[in-house]
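First comes the structure, then the notes that go with it.
The values are calculated or read from the model by the stated rules, or taken from the named source; none is laboratory data. None of the values given here were measured: they were computed from a predicted structure. When we count neighbours, we look across all protein chains shown, and the Cβ atoms used for this are built from the backbone with ideal geometry, even at glycine. Accessible surface is based on the protein model in full, side chains and every heavy atom, while ligands, DNA and RNA are left aside. Shrake-Rupley method; radii C 1.70, N 1.55, O 1.52, S 1.80 Å.
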Amino acid sequence: MAEAKVLVIDDEQTMLDACKQVLSKRGYEVLTALSGEEGLRIAKESKPDIAIVDLKMPGIDGMEVLERLSEIDPSMVKIVITGYATVESAVDAMKRGAYDFLPKPFTPDELRVIVRRGLEKRRLEAERESLRRERDRLKADFISIVTHQLKSPLVAIRQYIEAISSGAMGEVPAPVKEVLERCSERADELLKMINDWLDMSRIESGKLAEKMVPINLTGVLDEAIEELQPLAEENAIEIIRMYPERVPPIKGDSDSLKQAFSNIISNAIKYNKPNGSVTISLRDSDEGVFISISDTGIGIAEENLPYIFDEFFRVRSKEHPKLTGSGLGLSITKKIIEAHSGRIEVESRLGEGTTFTLFLPRREIE
Ligand code: ADP
């Protein structure tokens, strides 16, 4: 590895010579400057790993030098030398980006220790940055692998199954058709799971926040309900809406909110009992809007309630072996609601039903 570069900026030549001697012996490449101006020029040219700056110098003062060094390279570690080691000047220097300070007079050992620690910090930061990049890359790879290599073939398989069972390739005997239908259902489950994974990796609070515009909540809820109506009918579930006359718009991202509502409402249908109902009500307040989704379903046992928003958590139940899912729906919903600075709460009684309440704050609408 190339040896670390240390830049010392001090208006006293003897100080520069002493530092150079101590640090060169440790194998560092030492650059020196007698003024802030010269120091900044060298920093620009040579990009040192560490800069040691005397706070008290004629010309540009040490504090300003610190700030300008950060502009040149934010990752450069800066250490200040203070002749008057007052707490205030040290605190001030830290606020302007200094990592540590060295009160005058100091011993060669103190200098060596502080430089070594500074370099260690720089190494750790560089490592952290490269891990962060690696994580982002893996995430992007994951999304593309899941989309292209899992999802696309699955969609194709499902289409082939459809084509066969529709009779387009010749008559299909009833028992075969039944098996094909089961294949299709399983493929749909797998597809739903893949879509949940994708949503999970795509939702990032920052990105959602950028897309927020004033939206009509009842409109978004109605769209979600409409899409789920066939599922409700299949399960003999009635969906009841209780909206106030007027709900002022709130700021949000309608696509992701629709998905959040849809996750909760589809659970309310899926985990319901035959001939049950789902009631969706809205309540407006000064702080924001409360949306509650109540069902008359199987309920959630108290011991499971703390975990239902966890990724991949599903209640295992012998009574309902047919209820499949990825265990991601609620955690995606929670992420979406939190990206809107909102909250989600749940109340449930086993065997009687469950109510999810979402709160979306009213924010300034320009
Ligand atoms: P899943 O894909 O399993 O539905 P979710 O994250 O949406 O995943 O839900 C997690 C678990 O919470 C479900 O497996 C189910 O056991 C429970 N659950 C969620 N909503 C309800 C509900 N309305 N009634 C009863 N149980 C529910």
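Observations on the structure shown:
- Karplus-derived HN-Hα couplings along segment 280-294 (A = 6.51, B = -1.76, C = 1.60, θ = phi - 60°), whole Hz, x at Gly and Pro: 10, 10, 10, 9, 9, 9, 4, 7, x, 10, 9, 10, 10, 10, 10
- In degrees, nearest ten, helix 13-25 long axis to first principal axis of the chain (Cα): 60
- Exposure check, 1.4 Å probe, all protein chains in place: residue 145 carries approximately 80 Å² of accessible surface.
- Segment 286-325: trypsin sites (Lys or Arg not before Pro) in DSSP coil with no more than 14 other Cβ atoms inside 10 Å: 316, 318, 322
- The angle separating the long axis of helix 254-270 from the principal Cα axis of greatest extent in the chain is about 50 degrees.
- For segment 132-205, the C-alpha radius of gyration sits at 1.48 times the compact-globule guess of 2.2 N^0.38 Å, with N the residue count.
- Among the trypsin sites (Lys or Arg not before Pro) in segment 167-240, those placed in a DSSP loop whose Cβ has at most 15 other Cβ atoms within 10 Å are 211.
- Applying D = kT/(6 pi eta Rh) to segment 1-46, where Rh is the Kirkwood radius over alpha-carbon pairs, T corresponds to 20 °C and eta to 1.002 mPa s, the Stokes-Einstein value obtained is 200 µm²/s.
- Cα-based helix-to-principal-axis angle, 36-46 vs the chain, degrees rounded to 10: 60
- Equivalent ellipsoid dimensions for segment 5-106 as semi-axes, Å, which come from the Cα gyration tensor, largest first: 18, 16, 13
- Accessible surface of the chain, 1.4 Å probe: 52 percent of it comes from carbon and sulfur atoms.
- Relative contact order [Cα under 8 Å, 6+ residues apart], segment 38-131, whole percent: 27
- Accessible surface comparison of 320, 148, probe 1.4 Å, protein chains only, largest first: the order is 148, 320.
- Calculated log₁₀ intensity ratio I(q)/I(0) where the Debye formula runs over C-alpha points of segment 209-361, q = 0.13, 0.15, 0.20 Å⁻¹: -0.56, -0.76, -1.34
- Euclidean distance between Cα centres, segment 127-160 to segment 31-71, Å: 45
- Cross-link pairs exceeding 29 Å between alpha carbons, from the set 47/139; 151/270; 47/95; 151/273; 25/121; 44/95: 47/139; 151/273.
- Length-normalised contact order of the chain in % [C-alpha pairs under 8 Å, at least 6 apart]: 11
- Applying Stokes-Einstein at 20 °C and 1.002 mPa s to the Kirkwood radius of segment 103-255, computed over alpha-carbon pairs, gives a translational diffusion coefficient of 98 µm² s⁻¹.
- Per DSSP, loop GluC sites (Glu not before Pro) in segment 189-287 with at most 15 further Cβ within 10 Å: 204, 245, 287
- Between the residues 69, 87, 50, the greatest Cα displacement towards the positive end of the dipole of segment 5-106, with unit charges on the Cβ of Lys, Arg, Asp and Glu, is found for 50.
- For q = 0.06, 0.12 Å⁻¹, Debye-computed log10 I/I(0) when each Cα of the chain counts as one equal scatterer: -0.45, -0.90
- Probing with 1.4 Å while keeping every protein chain in the model, the per residue accessible area of the chain equals 57 Å².
- Residue-averaged 222 nm ellipticity for the chain, from DSSP H runs of 4+ at -39500 (n - 2.57), nearest 500: -16000 deg cm²/dmol
- For segment 127-144, Karplus couplings with θ = phi - 60° (6.51, -1.76, 1.60), whole Hz, Gly/Pro x: 5, 4, 4, 6, 5, 5, 5, 4, 4, 4, 5, 4, 5, 5, 4, 4, 4, 6
- Counted residue by residue at 0.36 nm each, then reduced by the alpha carbon distance between them, the extension gain from residue 13 to residue 213 reaches 65.9 nm.
- Karplus-derived 3J(HN,Hα) values for segment 218-234, using 6.51 cos²θ - 1.76 cosθ + 1.60 with θ = phi - 60°, are 5, x, 5, 4, 4, 4, 4, 5, 4, 5, 9, 3, x, 5, 4, 5, 4 Hz; glycine and proline are entered as x.
- For residue 104, the aspartates and glutamates whose Cα falls under 19 Å of its own Cα, not counting residues fewer than eight places away in the same chain, are 10, 11, 12, 17, 54, 61, 88, 92.
- Amide proton proximity set for residue 278, modelled H, under 5 Å, gap of 5+: 238, 239, 240
- When only Cα pairs below 8 angstrom with a gap of at least 6 residues are kept, segment 145-282 shows a relative contact order of 25 percent.
- Comparing Cα centroids, segment 233-249 and segment 279-355 end up 17 angstrom apart.
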